[in-house]
1. Output ³J(HN,Hα) for the range 111-128: one whole-Hz value per residue in order, computed from phi by the Karplus curve 6.51 cos²θ - 1.76 cosθ + 1.60 with θ = phi - 60°, and x for Gly and Pro.
2. Pull out the extension gain between Val273 and Gln49, defined as 0.36 nm times the separation in residues minus the alpha carbon to alpha carbon distance; nm, one decimal.
3. Which lysines does Lys251 reach when only Cα atoms under 23 Å apart count, and residues fewer than 8 places away in its own chain are ignored?
4. If packing is taken as the average number of other Cβ atoms within 10 Å across a peptide's residues, how do 9-18, 255-264 rank, most packed first?
5. Which order, highest average first, do 172-181, 138-147, 20-29 follow once you tally other Cβ atoms within 10 Å for each residue and take the mean per peptide?
6. What ranking do 214-222, 230-238, 96-104 get when scored by the average of other Cβ atoms within 10 Å per residue, highest first?
7. From the backbone phi of the range 142-152, what are the Karplus-calculated ³J(HN,Hα) couplings (6.51 cos²θ - 1.76 cosθ + 1.60, θ = phi - 60°) in whole Hz, Gly and Pro given as x?
8. Using the beta-carbon distance between Met173 and Glu194 and R0 = 35 Å, what value does 1/(1 + (r/R0)^6) give for FRET efficiency, to the nearest 0.05?
Amino acid sequence: MLLITPLEGRVAVVTGSNKGIGYFIALQLGLSGLFQHICLACRDLQLAQEAVASLKQQLPPEVQVSSAPLLLGDTTSHHELAQTLEERYGKIDVLVNNAAMAFKQADPTPFLEQCSPTLNVNFRGTCDLTEQLLPLLRKGTDARIVNVASMSGRLGQVSPERQAQFAADDLTMEQLHALVDEFERDVLAGRHREKGWSNSNYGMSKLAVIAATKVWARREPSINVNCCCPGYCKTDMTSQKGLRDPADGAKNAVLPATMEHPPTGEFFSDYGVASW
Ligand SMILES: NC(=O)c1ccc[n+]([C@@H]2O[C@H](COP(=O)([O-])OP(=O)(O)OC[C@H]3O[C@@H](n4cnc5c(N)ncnc54)[C@H](OP(=O)(O)O)[C@@H]3O)[C@@H](O)[C@H]2O)c1
């Protein structure tokens, strides 16, 4: 294996990296030779410590791996993570927003009761965490954000009128949150289909993450912001039924995090830029 000296002090933070695709994103970033520090921001800290130990065995000794607590969707936890990272590194060079949840198909929780928890973690949690970490990313070198979204977030799942709203070149973060709030209200009122929304809470949460990617890309000129679909991967989220190994899925996030001259505001799928 070719070992490249990690760029002095560069820091990558990967959320939800104690297992699944996030674990392999952390591993591949560590192997890229572009980072001195890899931080696993995780909810299950016991599993995170096991992941740190496993990564240390596979990474060159100059790459320092550590973990930090994160409960995505809890603004206090986001604030505490930002403080921890500020004290530990003073900046972030790459943030991979990988953590997310999905109700299983067999879960008996009614559709409308799945709506708010899904939006709160996958969309609102990712947005608040990112906003709280932006000051550290603005201090990064060649700073990048990669949001792990999904093909489930494809634009075509909503009506043409809704597509125009989400894809508007001048969409603001406030307008995006208002659209997501409106979807949630329509789900709770049982009228989301007639209002042009899709019938997937998870899909809408990922569609909104892709839209947020494009808003940040326009708003943050010093940061490259992209998103990706890892593909249908064998992880706990899919009850290990996916078609792709999570290590291969991870490459779709690692590419925009490490490539030279990355685009910004794009959606990566199958190892390249794809249409939304
Ligand atoms: N697998 C697929 O086929 C597929 C397809 C498209 C997109 N994706 C996306 O890929 C990403 C990784 O998914 P995966 O398949 O690797 O799933 P996974 O194995 O279930 O891993 C999900 C990770 O997110 C963490 N997480 C979930 N909710 C959290 C919360 N509230 N706070 C902190 N951490 C939280 C989990 O932590 P715990 O260990 O504490 O539960 C775990 O580390 C997700 O964004 C997912 O939506 C996956």
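All of the numbers you see were taken from the coordinates with simple rules; none came from a lab. What you are looking at is a predicted structure, and each value in this text was computed from that prediction instead of being measured. Every residue, glycine as well, gets a Cβ built from its backbone with ideal geometry; the counts of neighbours run over all protein chains shown.
1. 3, 5, 7, 7, 5, 4, x, 5, 5, 5, 7, 6, 9, 5, x, 4, 5, 5
2. Contour length minus the Cα-Cα distance gives 77.3 nm.
3. Lys19, Lys56, Lys206, Lys214, Lys234, Lys241
4. 9-18, 255-264
5. Values: 172-181: 15.1, 138-147: 20.4, 20-29: 26.5.
Per-residue mean Cβ counts within 10 Å order the peptides as 20-29, 138-147, 172-181.
6. On the way: 214-222: 16.6, 230-238: 19.0, 96-104: 21.7.
Per-residue Cβ counts within 10 Å, averaged per peptide and sorted highest first, yield 96-104, 230-238, 214-222.
7. Per-residue couplings from phi come out as 6, 5, 9, 10, 10, 9, 7, 9, 5, 4, 4 Hz.
8. Numbers: r = 27 Å, r/R0 = 0.77.
Computed FRET efficiency for Met173 and Glu194 comes out at 0.85.
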